[in-house]
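Engineer: First the structure, which I've put down as structure tokens, then a few questions once you've had a look.
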Amino acid sequence: MGRLTEGIQKFQAEVVPGRREQLAALASSQDPKVLIVACADSRVDPSLITQTDPGDIFVIRNAGNVVPPADAANNGSAASIEFAVKALNVEEIIVCGHSDCGAVKGALAPEGLTSLPHVAAWLEHVTPALSGLGEGPSVDAAVEANVLQQIEHLRSFDFIRDAVENRGLVLSGWVYDVGTGAVRVSDGGDFTPISA
Ligand code: ZN
């Protein structure tokens with residue numbers, strides 16, 4: 001933990017002094033325009049990828065950037081999504097998958113998950129994404145399909161469909177390439193690169 005403590009000390013000494021005004025403005029309210037649902041993977045950093053500041057993006061992270069559907073039990077993600085859409089009135093929800101995603105690889109090879117029962121149960125929300133991919137799909141194809149599957153799960157919530165139809169809430173998918181920093185984007189169809 002020493003490295004993290006040193007990081008906090010460096011933050012207090014070197015970063016906070018230059019951001020006092022910005023941080024003070026956030027002390028009692030937030031107004032993010034975007035909700036990002038990203039993977040818990042240590043290599044995925046939504047703020048770094050998007051070069052955003054505190055207050056800019058509302059973020060949910062879990063294994064596999066999953067959105068359990070509206071009828072799922074114990075749906076903790078639903079509370080954060082509901083707050084972002086109905087209380088913060090975000091204008092866009094982005095489901096952000098990534099290359100080499102362990103959760104997606106686990107869903108592709110569930111026989112390897114016998115010692116990880118919680119993971120296996122969670123990845124049942126990923127499995128439907130794989131059904132249309134044929135035999136032996138690539139991880140990249142499965143990652144893209146999973147992003148689109150989770151967008152479909154977003155649409156299973158009445159309040160999200162309502163926000164899409166009545167106030168223009170946008171639902172998008174991204175795939176972040178860990179090794180290159182590239183991002184591919186989809187509005188429901190094929191993924192295309194966001195160029196520099
Ligand atoms: Zn992942």
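Engineer: Between the stretch 81-114 and the stretch 41-67, how many Å separate their Cα centres?
Structural biologist: Each part's Cα centre sits 11 Å from the other's.
Engineer: Considering only DSSP beta bridges where both residues belong to the chain, give the percentage that are antiparallel (nearest 5).
Structural biologist: Around 25 percent antiparallel, to the nearest 5.
Engineer: Shifting gears a bit: How many percent of the accessible area of the stretch 60-196 is carbon or sulfur, using a 1.4 Å probe?
Structural biologist: Carbon plus sulfur share of accessible area: 52 percent.
Engineer: With r defined as the distance between the Cβ atoms of Ser115 and Ala79 and R0 fixed at 45 Å, what FRET efficiency is calculated, to the nearest 0.05?
Structural biologist: About 0.95, to the nearest 0.05.
Engineer: Right, another one. Given 0.36 nm per residue, what is the gain on full extension from Lys105 to Arg155 after removing their alpha carbon distance, in nm?
Structural biologist: Working it through step by step, the gained length comes to 15.5 nm.
Engineer: Further question: Gain in length, Glu21 to Ile8, computed as 0.36 nm per residue apart minus the alpha-carbon separation, to one decimal in nm?
Structural biologist: Full extension of this stretch gives 2.8 nm more.
Engineer: Might you work out the accessible area of Asp31 for me, using a 1.4 Å probe with all protein chains in place, and round it to the nearest 10 Å²?
Structural biologist: Around 90 Å² of this residue is reachable by solvent.
Engineer: Next up: If the convex hull of the alpha-carbon atoms of the chain is projected onto planes in all directions, what is the mean projected area in square nanometres?
Structural biologist: 13.5 nm²
Engineer: Could you give the nm distance between label points at Thr192 and Val164, where each point is 7 Å from its Cα heading toward the beta carbon?
Structural biologist: Modelled inter-label distance: 2.0 nm.
Engineer: For the chain, what does the accessible surface come to per residue with a 1.4 Å probe? Please give it in Å². Don't jump to the answer; show the numbers that get you there.
Structural biologist: Working: 11000 Å² over 196 residues.
Result: 56 Å² per residue.
Engineer: While we're on this one: Near Lys33, which aspartates and glutamates are there with a Cα under 16 Å away, not counting those fewer than 8 places off in the same chain?
Structural biologist: Within the straight-line cut-off, Lys33 pairs with Asp53, Asp56, Glu82, Glu91, Glu92.
The values are calculated or read from the model by the stated rules, or taken from the named source; none is laboratory data. Just so we're clear, the structure is a prediction, and the values are computed from it rather than from any experiment. Virtual Cβ from ideal backbone geometry, glycine too; neighbours counted across all protein chains shown. Quick note on the areas: whole protein, heavy atoms, side chains included, nothing else; ligands and nucleic acids left out. Shrake-Rupley method; radii C 1.70, N 1.55, O 1.52, S 1.80 Å.
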